[in-house]
Amino acid sequence: MLKGFRVRFMMMPPNQDAHLHAPSDKSKLLLRREQDENMSSDELRLLRKERETRRTGLLDAIHAIARRSPEVFEAEAEDLIRRSVWQQSGADPNFSTRLERWLKSEYRFESFASILPHDARLEPRNIEPPSVEHLSERHQQIYNALVEKFDGTKDQPRNHHRWDAATRDQFIILGMIALGGKAGERQGRLVYHLGLEAPGGDHLRGSNTVRAAKIALTRHVRSKIPGFQDLFAKATGNGDRRQHRFLDVEVASTVAQYVRSHAASMLLPEPSIAAGLS
């Protein structure tokens with residue numbers, strides 16, 4: 001019972017409604033800056049001291065969770081690190097590669113601080129959702145159906161912190177294929193970033209997950225658009241080199257912008273080099 005509580009504590013906000021209506025990271029940062037600018041030097045000094053005390057308390061809380069529930073902490077810590085770096089420095093393929101190496105093995109030999117870029121900017125990412133006015137009516141319908149899939153409706157909104165595993169996998173698969181552009185994405189890379197890579201190269205579970213996610217996404221769009229057929233083109237190739245693509249490149253481009261602007265974008269890796277060449 002206690003272990004289940006810890007998992008819920010780490011992975012979900014204590015109150016869904018409070019989290020849904022909480023200001024974004026960017027809004028909170030801008031509000032904090034405005035408050036700081038209106039303060040006297042003495043007030044600002046006291047406020048900074050209070051913030052430092054709070055950060056120390058939060059760090060102590062993380063240490064306590066790591067000690068008391070190491071399995072939960074280890075499972076969530078990598079996402080926390082990726083999310084923090086992504087919010088701070090934005091897209092940096094070179095550093096993303098270095099970070100993944102550090103998370104996989106180099107943590108044994110180097111401190112995290114030693115791999116941070118010297119010119120890392122502590123600014124949040126700010127990517128606007130796509131503009132859909134120029135799209136055809138059918139493309140707008142596809143886009144709206146996918147947005148509803150992950151964000152819900154006005155009356156029944158969804159929050160990415162409360163997604164189940166299947167929805168989380170679908171977002172990663174949809175996003176990676178969309179970010180791949182015309183080239184799409186290799187199955188081996190999808191499986192790896194889903195965390196389903198198996199020892200010995202047996203990726204049956206991973207390939208089944210990719211297939212199931214694509215079917216679920218297509219069925220969802222079909223349920224919203226009468227006569228709709230396919231979201232994805234027929235996959236080509238075999239094994240890890242099997243290539244997954246959108247049927248329509250314009251839809252892929254719109255979806256790519258959507259996932260990059262989404263609060264759950266920290267779940268997505270940088271697009272492959274092949275995507276940049278397509």
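Laboratory data are not the source of any read-out in this text; all were calculated from the coordinates shown. No experiment lies behind these values; they were computed from the predicted model shown. As a convention, Cβ positions derive from the backbone with ideal geometry for all residues, glycine included, and neighbour counts pool all protein chains shown.
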- Under 5 Å from the placed amide H of Phe232, counting only residues 5+ away or on other chains, we find Leu247
- Give the value in nm², to one decimal: projected area of the alpha carbon convex hull of the stretch 137-277, averaged over all directions. 8.6
- Dipole magnitude of the stretch 137-277 about its Cα centre, charges +1 at Lys/Arg Cβ and -1 at Asp/Glu Cβ only, in debye to the nearest 20? 220
- Message: I need Arg55, Arg168, Arg108, Arg245 ordered by Cβ neighbour count within 10 Å, fewest first.
- Response: Arg108, Arg55, Arg168, Arg245
